[in-house]
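Here the structure comes first, spelled out in structure tokens, and everything after it is commentary.
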Amino acid sequence: MEAALSTILSPIILFFILGLVAALFRSQMNVPEAFAKGLAIYLMMAIGLKGGVEMAKNPMTGEIALVFAAGIGLSFFIPMVAFFLLRASSKLDITNVAAAAAHYGSISIVTFVAAGEAVELAGFQASGHLVAVAALMETPAIITALFLAARYGATKGPVAGSERGELVREVLLNASVVVLVGALLIGWIVGTEGMVKVAPFFVTPFQGVLCLFLLDMGLAAGRGLREGWRQLDIGTIAFGLYMPIVSALITATVAWAIGMSTGDAAILITLAASASYIAVPAAMRLALPKAKPSVYLTLSLGITFPFNVTIGIPFYIALATLVTG
Amino acid sequence: MEAALSTILSPIILFFILGLVAALFRSQMNVPEAFAKGLAIYLMMAIGLKGGVEMAKNPMTGEIALVFAAGIGLSFFIPMVAFFLLRASSKLDITNVAAAAAHYGSISIVTFVAAGEAVELAGFQASGHLVAVAALMETPAIITALFLAARYGATKGPVAGSERGELVREVLLNASVVVLVGALLIGWIVGTEGMVKVAPFFVTPFQGVLCLFLLDMGLAAGRGLREGWRQLDIGTIAFGLYMPIVSALITATVAWAIGMSTGDAAILITLAASASYIAVPAAMRLALPKAKPSVYLTLSLGITFPFNVTIGIPFYIALATLVTG
Amino acid sequence: MEAALSTILSPIILFFILGLVAALFRSQMNVPEAFAKGLAIYLMMAIGLKGGVEMAKNPMTGEIALVFAAGIGLSFFIPMVAFFLLRASSKLDITNVAAAAAHYGSISIVTFVAAGEAVELAGFQASGHLVAVAALMETPAIITALFLAARYGATKGPVAGSERGELVREVLLNASVVVLVGALLIGWIVGTEGMVKVAPFFVTPFQGVLCLFLLDMGLAAGRGLREGWRQLDIGTIAFGLYMPIVSALITATVAWAIGMSTGDAAILITLAASASYIAVPAAMRLALPKAKPSVYLTLSLGITFPFNVTIGIPFYIALATLVTG
Amino acid sequence: MHTRKRIELIIEKMAYKRAGRIFESVNVSGYTVIPALAGYGNGNKWQRDQDISGSRDMVMIVSICDAETAEKALEQMSSLLGEHVGVITISDVTVMRPERF
Amino acid sequence: MHTRKRIELIIEKMAYKRAGRIFESVNVSGYTVIPALAGYGNGNKWQRDQDISGSRDMVMIVSICDAETAEKALEQMSSLLGEHVGVITISDVTVMRPERF
Amino acid sequence: MHTRKRIELIIEKMAYKRAGRIFESVNVSGYTVIPALAGYGNGNKWQRDQDISGSRDMVMIVSICDAETAEKALEQMSSLLGEHVGVITISDVTVMRPERF
Ligand SMILES: Nc1ncnc2c1ncn2[C@@H]1O[C@H](COP(=O)(O)O)[C@@H](O)[C@H]1O
Ligand SMILES: Nc1ncnc2c1ncn2[C@@H]1O[C@H](COP(=O)(O)O)[C@@H](O)[C@H]1O
Ligand SMILES: Nc1ncnc2c1ncn2[C@@H]1O[C@H](COP(=O)(O)O)[C@@H](O)[C@H]1O
Ligand code: NA
Ligand code: NA
Ligand code: NA
């Protein structure tokens, strides 16, 4: 409870709420796209470096290999659950359901960071390897979703003008995969010493940059929420709220089964419960162009993201404490 | 005198002068709009947070309430003075006069920050509450100006395609009001402790970011000056120089009357003497589209802003010392 | 050897390689243009300030005046060498040869910074005056190249719509000259004391920002390389590799003749060996519009820049040690 | 192949939502707003990256619609163009799926 | 003065490379892609600076070519427009150096 | 409803001020410059966010004017297009307030 309160009252979350409220009141303010994208690259570099340095300190163990496998497995599996639940609870067609499912199997790196902060505040420790897990969980979900879409007849042959490898490049070499994995490797190579010179840029101001970034996320979430409310049926909206909990429960079971530490479990649960709003939407425009961004973006950015960042994370930490305690 | 010199010789002002000179020599260099806007949001967050933390330390007193009232009152009143003076001294039509008047009643947040630096350098202290005063002074001027425009027959009914609330949203929920007020509240909620983690981003590098921002302001001011010189009559140009002094004198009287501290008085005088160049121009495009940006932007950005930042502020500090000494 | 390895393994170079590799694998990721341009302005401010502060500490001597003269002389002279070598080794027409020559006489400020880091790592010291030398070496090369183009009949009268002074403004008042020279002067005026307040922005995080910037440079270089490989003949590609070495050898001789310190010599050699990819391309679009960007950009950005940043710099330091030892 | 109208409205960026509402009120099937970078009119110039306030920015709005809708849009737009700076033109274009517009 | 065709395709940004490949396959001499800022269609609106994913962004592709090439492009494009959101129009224009197109 | 000309010039960004001066010299009432994002011509491609120098960027300049002015602009522009990369087209448009152009 106290942990929840101190999460909510951190400047980072307060700036998120500021953006959310401003957008709900229809403020026209925005953070320019080019600036926000630049910040996003900074954040991924910082996260990757930090994780890489941690990984260099703590060598890979069998236990961690299990977490890797769990992460990848969850990213493959969760879209199936999401697919059947959303099909049952909404009136959306197969294409939209498959596209939304892909988002929920993949992850949100900002939610990951917010969870990292909250976990530390709650007095737990998460290992650096989880950055790698996050990177690995970005894409498998897309494969499952496309498989389901094909299986249920929602895809045709390749679209006119499409090129072999175009989708694979978009999925495996998008900015977040390249920068996250690259920075992770670099952090791992240079280690603690190598970080000294770049820490004043990538470590010290990190939390502050996050405030600015979350202001923008709040604005985006608020706008998504306002639009979504008008356009989505109640079953779809409900999915945005119960799906993260379903993923969290599945993941908590896995974390319990493989005996993770509390900190790591809290992060893995959050990753599973989070939904993508940059990498997967881009992939969906190419792979399932008939799926509507207004559906999947409203769900992941307008409903699930705010839910996770405010209520979800404290709950996931509690859940992790329960299953690992 | 020495204070004036050390103000002029600070890196911040020197970068402003660099931009000004480059633009006067017709350099084509520019700071990309998206980047400059991002920096502006950063600055407002930083200013708001700082003010909020200060406010949390020093509770609201009757004295401060008086300053709030004075600020709001001045923002309502100064446009009237500006309106009649500009009408008398220039050949501009009513619409342009009203639009320019709105700019002079509102404030420039960068001038506010520059004054804050100079006041500190001069050995005085200004209270954090003045950030709130700045935010409160942004909009009343617009109301007065629109009232005057209507009174003198310069406005018709609503423009085709306009929407109820559109102007109110632009005026009350523009980026600078949202971010400034929001960050102020957040600073006030989290207090000194909460700031620790974000200070390396919002406090330590602040002065440096200001250098970059003022380089851009210098470029904008220089371009405004070059254009304005060709297009504006001498009466209009003169207004850009004497109006800040008129506002300063009015405000000095008020500061003396309510017995403000020297630091606070210097800041309030500067706020009153400064003119808006972002929020009010946007509002004027919606409310008085017939008013020409080349008039009001040249005045506020090309003439008054450079005047204030170089000569004005040291003078306002001297004035404040005089009336509060 | 060890120095070379530690250069390669610095985070800065590793991020460059990350970008390069991502682009070679056809990743579509990019750093938004507006953000990259903003960072470039930051870097030039930081470099200029640092150099200016150093200059204030170490007064101008006859020795340094010689280095200034050498830098200017090299920028005038190297394009001639480049012109005749490229004419001999490639099938390009005069216009393209002259345009490419201009790039090699001018300099790359990022290569300069990378060399500064490497020189320090190798245990040498370079003087702050070299920032001024870098700024002075940006433009003479353009004059030589235009002279050669005219001499060999590759230019006609002024293009329709062109304006007197347009080219001179582009060349002498472009962003990098204005910001570099301006910041140098400002650093020189404010000195060490004046820098205290802005150092947390311009000094401490500098290396980190460089990582982000070099990621973008790596992406640009990788794309240049991929395109160039298809379009340029082998003689042209070879020029991109041997020309920096030729310039380095010429400059090493000069450095030996005027008796420079090892650190200064390493930097001057690197400047001479580096090729412009922002200021000169812009000037060439105006002055020699028939020259193809795909030729000169591939050479300077796709071939010479990666060569210098990885292999070149360690070699130039070794060369400097040799001639000044 | 069928003929439809292409409306092109060059107007102040700050007023583009007003223009959009007018387009919506006459029931166009859609429109697309394109940012401008610089411009010249009546001896005055503006340039996007050189105006910190953005208050001189212009946009171009393009809408494909049928002749009747175009005429209605034009009528409604004339009062907006009495207040805001702008230029509106109409031209003939060939489209593929005429029922869409 | 000679008459040629101007193709204007308003299409999702994420699909512009697909459209480009189609243009290239019918051998247009060139095309230019212009970013949009905002748009409206079927009751839905989008705005560039307000969508963090960029997945609703549109662009306008303009290509000047001869009538025959234009027709081929149109044919090929119809299947792309069956999948992706887009509007394609063709109009007559006068050009200076007709051999270029 | 009156007929006027719409000039559309796609040209290198670095040369747009030269084109602008030519437009001004023939006394057009105005023009608007629109940035491009990417392009293709003669087998070569460029893309804005992928070229750090910006030296391959293109823009589109649109000017509405009368037939006579359009012809003059075209003549003057041909020498600019002999040096810089660009494509110029003219088409007929209907305008509302013909005296403006
Ligand atoms: N004839 C025209 N053709 C294209 N754009 C124009 C024209 N006239 C004006 N504009 C645009 O409208 C803006 C304002 O024009 P004005 O109202 O003449 O000051 C200019 O800066 C141009 O961007
Ligand atoms: N008739 C039209 N004219 C111009 N642009 C359109 C038109 N219809 C749709 N668009 C563009 O295509 C986008 C998607 O439209 P829609 O498929 O109708 O949702 C809109 O946001 C506009 O940018
Ligand atoms: N036929 C065309 N239609 C539209 N834009 C073109 C055309 N040809 C060339 N362009 C534009 O001009 C640029 C340079 O073309 P080029 O001179 O053919 O290399 C291309 O990248 C396009 O942006
Ligand atoms: Na997930
Ligand atoms: Na004021
Ligand atoms: Na060189």
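The values are calculated or read from the model by the stated rules, or taken from the named source; none is laboratory data. Small disclaimer: the values here were computed from a predicted structure and weren't measured. With ideal geometry, Cβ positions are generated from the backbone for all residues, glycine too; neighbour counts draw on all protein chains shown.
Points to keep in mind about this one:
Residues checked against (1) more than 19 Å from the chain's Cα centre (by Cα); (2) within 13 Å of another protein chain (Cβ to nearest Cβ):
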residue: C:VAL21; (1), (2): yes, yes
residue: C:PRO32; (1), (2): yes, yes
residue: C:GLU54; (1), (2): yes, no
residue: C:ILE72; (1), (2): no, no
residue: C:THR95; (1), (2): yes, yes
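- Test result for B:ALA255, over 14 Å from the mean Cα position of the chain (by Cα), among the aliphatic types (A, V, I, L, M), farther than 28 Å from B:GLU120 by Cβ and surrounded by 24 or more Cβ atoms within 10 Å (Cβ to Cβ): no
- Test for F:GLY43: is it more than 16 Å from ligand 2 (Cβ to nearest atom) and within 22 Å of C:VAL31 (Cα to Cα): no
- Annotation: of all residues in region E:84-100 being charged (D, E, K, R) and at pLDDT below 95, the one that is farthest from ligand 5 (Cβ to nearest atom) is E:GLU99.
- Unmet requirement for B:THR155, which otherwise passes all of (1) more than 30 Å from D:LEU80 (Cβ to Cβ); (2) in contact (Cβ under 8 Å) with a residue 24 or more places away in the chain: (1)
- Residue match in region C:216-227 (condition: away from chain A (no Cβ under 13 Å), surrounded by fewer than 24 Cβ atoms within 10 Å (Cβ to Cβ) and not in a helix (DSSP H, G or I)): no
- Check on A:ALA99, away from chain B (no Cβ under 14 Å), more than 30 Å from A:ASP233 (Cα to Cα) and either within 16 Å of ligand 2 (Cβ to nearest atom) or under 16 Å from the mean Cα position of the chain (by Cα) (or both): no
- Matching entry among F:VAL59, F:VAL95 (being within 11 Å of chain D (Cβ to nearest Cβ), in contact with a Phe, Trp or Tyr (Cβ under 7 Å, 6 or more places away or on another chain) and within 13 Å of ligand 3 (Cβ to nearest atom)): F:VAL59
- Residues that are under 23 Å from C:GLU227 (Cα atoms) and touching a residue at least 60 places away in the same chain (Cβ under 8 Å) do not occur anywhere in region C:43-62.
- From the list B:GLU138, B:GLU117, the lone residue that is among the charged types (D, E, K, R), under 21 Å from B:LEU249 (Cα atoms) and either in contact (Cβ under 8 Å) with a residue 12 or more places away in the chain or within 16 Å of ligand 3 (Cβ to nearest atom) (or both) is B:GLU138.
- For region B:276-296, the count of residues that are among the aliphatic types (A, V, I, L, M), surrounded by 24 or more Cβ atoms within 10 Å (Cβ to Cβ) and in contact with a Phe, Trp or Tyr (Cβ under 6 Å, 6 or more places away or on another chain) is zero.
Residue-by-condition table, conditions (1) within 16 Å of ligand 2 (Cβ to nearest atom); (2) under 26 Å from E:SER78 (Cα atoms):
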residue: D:ALA38; (1), (2): no, no
residue: D:GLN50; (1), (2): no, no
residue: D:MET58; (1), (2): no, no
residue: D:ILE61; (1), (2): yes, yes
residue: D:THR69; (1), (2): yes, yes
residue: D:GLN76; (1), (2): no, no
residue: D:SER79; (1), (2): no, no
residue: D:THR89; (1), (2): yes, no
residue: D:GLU99; (1), (2): yes, yes
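- Residue match in region A:267-275 (condition: within 14 Å of another protein chain (Cβ to nearest Cβ) and out of contact with any strand residue (DSSP E or B) (no Cβ under 9 Å at 6 or more places or on another chain)): yes
- Of all residues in region D:24-76, those that are under 28 Å from B:ALA175 (Cα atoms), under 16 Å from the mean Cα position of the chain (by Cα) and of a type in the set (Val, Ile, Thr) total 5.
- Wholly within region D:2-41, strands (runs of 3 or more DSSP E) carrying at least 2 residues that are facing another protein chain (nearest Cβ under 7 Å) and hydroxyl-bearing (Ser, Thr, Tyr): D:30-35
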